[in-house]
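Trainee: Got a structure for you, written out below as structure tokens; questions coming shortly.
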Amino acid sequence: IIGERLNSQGSRKVKRLLLEEDYNSLINIARDQVEGGAHVLDVCVALTERDDEAEVMKLVVKKLAMSVEAPLVIDSTDHKVIEEALKTYPGSVIINSINLENGRERIENVLPLAKEYGASVIALTIDEKGMAKTVDHKVEVAKRIYDIYTKEYGLEPGSLIFDVLTFTLATGEEEWVNSAIATLEGIGEIKKQLPGVLTTLGLSNVSFGLKPNARKVLNSVFLYHAVQKGLDSAIVNPKDIIPYPSISEEERELAEDLIFNRKPDALITLSSYFEDNVNESSEESLAKEEASLSVEEAIHHKILHRVPDDIEALLDEAMEKYNPVDILNNILLKAMKEVGDKFGSGELILPFVLQSAEVMKRAVSYLENFLEKKEGTTKGTILLATVYGDVHDIGKNLVKTILSNNGYTVHDIGKQVPVNTIIEKALELKVDAIGLSALLVSTSKQMGICVQELHSRGLNYPVLVGGAAINRKYGHRISLIDDKTPYDGAVFYAKDAFEGLDVMDRLSNEDKKDVFIQKVKEEALQSVKDKDKPKETVQTNQKNRSDVKQLSELLKPPFWGTKALKEDDLQLEEIFKHLALSELYRLSWGGRGKSKEEYQKLVEEEFRPTLDKLKDEVMNNSLFLTRIVYGYFPCQSEGNALFLYDPKNQDKQIARFTFPRQTKAPWLCLSDYFTSKASGLMDVLPMQVVTVGDKVTGICDALNENGDYTKAYYLHGLAVQTAEAMADYNHHRILSELKIPMDQGKRFSFGYPACPELDDQEALMGALNAEKEIGVSITSAFQLVPEQSTSALIITHPEAVYYRV
């Protein structure tokens, strides 16, 4: 039994104790699990509120090692955190976990650590296609991992523990009704076909969504049958397991009917048996709860729980007691603050925040009918812009949504906005602050230019900066004029929309504003004083070339030059088959950081139905204007350089790419995957650009303007991931045309560690004539327009791998 309760992602109590640094109480939880029957303890300390997971893990592991005899399972997605735990713990641990979801990246980060420190490893049966649901798929993934683990890394099968994946039976959906059977059979087959390996299960997943009493029985019966198939361990709270003989025959039969899909009504029968009262729908439950609340509480409740119905009637009732300004400030804004707090603590994902914002917008729009302008209902005015050269604005749009629904007037002047336009608009609109967004390191430089220009004009607008490419130290750095004088208005870094809201709330407080600005300016000065400026070091290569094999027989392309594919040539149904659902759900739709149970519930109840609905709408209304241009170009390598030649005149060089080389073994460089100039042979480089077009960008903008924030967010995310799916789709087309295996070679985009120079994008775009062929252009910062577009080099060499430089 692997105790599951020391997990910040699955236990609110553990999360709270970690935030409060109450480690003694964590030790008590650990001891309680061991006393309850746990042999091993799963430990996860990841928190969205803190960025020091490695240090916290090190401290917790040290305390557990001194206080509890049970060994540990180190549960983290960050291999650096795992390494800190391995260094700290005075014995052997189990690492949770590896998989093939993103190819070999996770495995190659973790297995060297397992080998060095003598750890066992849990491996999930997940590959590039997703979670393995069938017996054959589970075994196939397990065999791949087994071969890498034992043959390539020389590790013993007895230290490899396969989690063959458990899925909930509580949905009743056809897709999942046989999932428990597949899990049980998968355990048996893996034990049979891979002698020596061990198995485990996240046991409680099988009952997720059922009532506690039903869960306890279903988990216990399922565990019994899994053990009969050869299960070696299970991640579960030991106090929640009932010995199989102690379960009544009737309850055993109900659970087994569901597990083995023996009766079509098994789920309903089991649920009804364990219910004291008739189940209510969530809407009925919320309505009943709301009926007992005061009008103030009921309005708050509707915003918090994302229920727009009848909000106007409640506002009418509230206006019998309060004026509209008081309702806005003391009821509506307080509700949105709680929504923000729950997002910050990880209880709500971003789409749910946006649904609350839609209820808020509806309430504010109704109140505006009763507000007089002289009452001054705005808390402040801010101008927002994505800086020049940058086409990404999803982050800026979220900031706009959160600020506008928390009482601020927001003027969003778009993306790719020059510094002069930003400043002139700020003066024209008489704003209280300026907010700047950038996704890229290259475009974030515009933020510093804007601050310098504001200073030179004698202006002192507070400037808020945010985006994936920057951090708090960058905000401090650009706020200093000549590296020593703080910009008078101060620069405030906000890691997300809610920190931006907090900054604006402080700036709008006239009594505390000056103190706040002064504090931030002092922090910027101190940051520079404390910072040891990095010394520039010249990296010298120890080798001119890696040991990548030079091929004697080179590929023959089906044609030289380029080919364009338009909407009529492309079937969206086929492209959607290439969607990376995990990336869509976790990265683009906000599901990252959730426990397995929470994530699975989100997929079943929110993400999958949304995706099905959006795909139909996209196809029925032609929302994506899918286009691809790709081609085959003659090339040769020399050292770190790759020379590209004109397909019509192969003596004429049209471009040169220079790639960085690793500074230690195996000395990899992308140019090594192509034949050398000295060989006299001509190799082939496939390249591609894909796009879903700019129509969807306009639709998302219109949805945001109309207050349909959630749909805009989901549609934008789907468009981004569809562009990635198109890249994968056409990559497969190229491999097929070259008549090589589908798993041979790799796809690289500029910005990857192996080809980091974004300005090389210009040569690729020019060679493919992408703007003329499919309407994709490039900004001064080498970003593709429309935003939902991607480009790539296709490396076809059989030894090609992803690597760090």
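All of the numbers you see were taken from the coordinates with simple rules; none came from a lab. Values in this document were obtained by computation on a predicted structure and should not be read as measured data. Because the Cβ atoms are built from the backbone with ideal geometry, glycine has one as well, and the counts that use them run over all protein chains shown.
Trainee: Where both partners of a DSSP beta bridge lie in the chain, what percent of those bridges are antiparallel, to the nearest 5?
Mentor: Details: 38 of 79 bridges.
Antiparallel bridges: around 50 percent, rounded to the nearest 5.
Trainee: Which cross-chain or sequence-distant (5 or more) residues have an amide H under 5 Å from the amide H of Asn7, H modelled 1.01 Å from N in plane?
Mentor: HN-HN under 5 Å from Asn7: Cys44.
Trainee: Could I ask something else about it? Would you work out the charge dipole size for region 571-625 about its Cα centre, treating the Cβ of every Lys and Arg as +1 and the Cβ of every Asp and Glu as -1, and quote it to the nearest 20 debye? Write down the numbers at each step before the final one.
Mentor: Values: 9 positive and 11 negative charges, 49 e Å.
It comes to approximately 240 debye.
Trainee: I would also like to ask the following. In nanometres, what is the gap between the two model label sites at Arg104 and Asp265, each 7 Å from Cα along Cα-to-Cβ?
Mentor: 5.4 nm
Trainee: Taking just the alpha carbons, could you work out the radius of gyration and Dmax for region 677-805, both in angstroms?
Mentor: Considering region 677-805 through its Cα atoms, Rg and Dmax are 16.9, 62 Å.
Trainee: Can you list residues whose amide H is under 5 Å from Ile654's amide H, if they're 5+ apart or on another chain and H is modeled 1.01 Å from N?
Mentor: For Ile654, whose amide H was placed from the backbone, the distant partners under 5 Å are Leu644, Tyr645, Asp646.
Trainee: Give me the lysines in straight-line cross-link reach of Lys15: C-alpha distance below 22 Å, same-chain residues under 8 apart excluded.
Mentor: Lys58, Lys62, Lys63, Lys80, Lys239, Lys337, Lys342, Lys495, Lys594, Lys596, Lys601
Trainee: Using amide H atoms built in the peptide plane, which far-off residues or other-chain residues are under 5 Å from Thr125 H to H?
Mentor: Answer set, sorted by chain and number: Asp163, Leu165.
Trainee: Hey, what do the phi angles of region 655-668 turn into as Karplus ³J(HN,Hα) couplings, whole Hz, using 6.51/-1.76/1.60 and θ = phi - 60°, x for Gly and Pro?
Mentor: In residue order, the calculated couplings are 6, 9, 9, 10, 10, x, 10, 4, 8, 8, 4, x, 6, 5 Hz.
Trainee: Additional query: Hey, got the dipole for the chain? About the Cα centre, +1 on K and R Cβ, -1 on D and E Cβ, debye to the nearest 20?
Mentor: 2740 debye
Trainee: Rounded to a whole number, what is D in µm²/s for the chain from Stokes-Einstein with the Kirkwood radius over alpha-carbon pairs (10 °C, 1.306 mPa s)?
Mentor: Value of D from the Cα-based Kirkwood radius: 54 µm²/s.
Trainee: On a straight-distance basis, which aspartates and glutamates could pair with Lys512 in a cross-link, Cα separation under 20 angstrom, same-chain partners fewer than 8 positions away excluded?
Mentor: Cα-Cα hits under 20 Å: Asp432, Asp488, Glu499, Asp502, Glu522, Glu523.
Trainee: Sticking with this structure for a sec: Based on the Cβ-Cβ distance from Lys615 to Asp482, what FRET efficiency comes out when R0 is 35 Å, to the nearest 0.05?
Mentor: So the FRET efficiency works out to roughly 0.05.
Trainee: Taking 0.36 nm per residue of sequence separation and subtracting the Cα-Cα distance, how much length would be gained by fully extending the chain between Asn323 and Ser92, in nm to one decimal?
Mentor: 76.6 nm
Trainee: Residue by residue, what Karplus-based ³J(HN,Hα) values in Hz, rounded to whole numbers, does region 706-718 have, using 6.51, -1.76 and 1.60 with θ = phi - 60° and x for Gly and Pro?
Mentor: Here the 3J(HN,Hα) series is 7, x, 8, 5, 5, 5, 4, 5, 5, 5, 4, x, 5 Hz.
Trainee: Where does the charge balance sit around Ile423 when Lys and Arg score +1, Asp and Glu -1, over other residues with C-beta under 10 Å from its C-beta?
Mentor: Neighbourhood net charge equals -1.
Trainee: Follow-up question, since we're still on this one. Give the relative contact order (percent, whole number) for the chain; include only Cα pairs under 8 Å separated by 6+ residues.
Mentor: Normalised by residue count, the contact order of the chain is 8 percent.
Trainee: Follow-up. What aspartates and glutamates sit close enough to Lys549 to cross-link, taking a C-alpha to C-alpha distance under 20 Å and skipping anything fewer than 8 places away on the same chain?
Mentor: Glu152, Glu638, Asp672, Asp683, Asp743, Glu799
Trainee: Measuring from a point 7 Å past the Cα of Lys677 along Cα-to-C-beta, which residues in region 758-788 have an amide N at less than 13 Å?
Mentor: It comes to no residues whatsoever.
Trainee: Determine the alpha carbon to alpha carbon distance for each of Lys615/Lys711; Lys302/Lys613; Lys563/Lys695; Lys115/Lys746 and list only those over 18 Å.
Mentor: In this structure, Lys302/Lys613; Lys563/Lys695; Lys115/Lys746 exceed 18 Å between Cα atoms.
Trainee: Obtain the nm distance between the two label points defined at Thr663 and Asp694 by a simple spin-label model: each point lies 7 Å from its Cα along the Cα-to-C-beta direction.
Mentor: 4.2 nm
Trainee: Same structure again: Rounded to the nearest 500 deg cm²/dmol, what is the calculated helix-only ellipticity per residue at 222 nm for the chain, with -39500 (n - 2.57) per DSSP H run of length n ≥ 4?
Mentor: Details: 29 runs with 338 residues, N = 805.
About -13000 deg cm²/dmol.
Trainee: Ok, one more. Would you compute, for the Cα atoms of region 139-287, the largest minus smallest coordinate along each principal axis and list the three values in descending order, in whole Å?
Mentor: Extents along the principal axes, in whole Å: 58, 34, 27.
Trainee: Here's another thing I want to ask about it. Along each of its three principal axes, how wide is the spread of alpha-carbon positions in region 558-607, in whole angstrom units, largest first?
Mentor: Principal-axis extents of the Cα atoms in region 558-607, largest first: 49, 20, 15 Å.
Trainee: Then there's this: Pulled fully out, how much extra length does the chain show between Glu173 and Ser456, if you take 0.36 nm times their separation in residues and subtract their Cα-Cα distance?
Mentor: 95.5 nm
Trainee: What is the ratio of the Cα radius of gyration of region 570-697 to 2.2 N^0.38 Å, with N the residue count, to two decimals?
Mentor: For region 570-697, the normalised Cα radius of gyration comes out at 1.55.
Trainee: Given labels modelled 7 Å from the Cα in the Cβ direction, how far is it in nm from Glu297 to Gln550?
Mentor: 8.0 nm
Trainee: Okay, next question. Taking only the Cα atoms of region 1-149, how large is their convex hull per residue, in Å³?
Mentor: So the per-residue hull volume is 116 Å³.
Trainee: First select every other residue whose beta carbon is under 14 angstrom from the beta carbon of Ile259; then total the charges, Lys and Arg +1, Asp and Glu -1.
Mentor: Spelling it out: positives minus negatives among the neighbours equals 0.
Trainee: Hey, another quick one. Taking 45 Å as R0, compute the FRET efficiency from the Cβ-Cβ separation of Lys342 and Glu638 and round it to 0.05.
Mentor: On the way: r = 57 Å, r/R0 = 1.27.
Efficiency for this residue pair is about 0.20.
Trainee: Please give me the summed charge of the neighbours of Leu793: other residues whose Cβ is under 13 Å from its Cβ, Lys and Arg +1, Asp and Glu -1.
Mentor: -1
Trainee: If you don't mind, another one. Please list 3J(HN,Hα) in residue order for region 501-507, calculated via the Karplus relation 6.51 cos²θ - 1.76 cosθ + 1.60 where θ = phi - 60°; whole Hz, with x for glycine and proline.
Mentor: 4, 4, 4, 5, 4, 6, 5
Trainee: How far, in nm, would the chain grow between Lys80 and Asn213 when pulled straight, counting 0.36 nm per residue and subtracting the alpha carbon separation?
Mentor: 43.9 nm
Trainee: Starting at 0 and stepping by 5 Å, how many percent of the alpha carbon pairs of region 1-41 end up in each bin?
Mentor: Whole-percent P(r) values from 0 Å outward: 6, 27, 30, 23, 11, 2.
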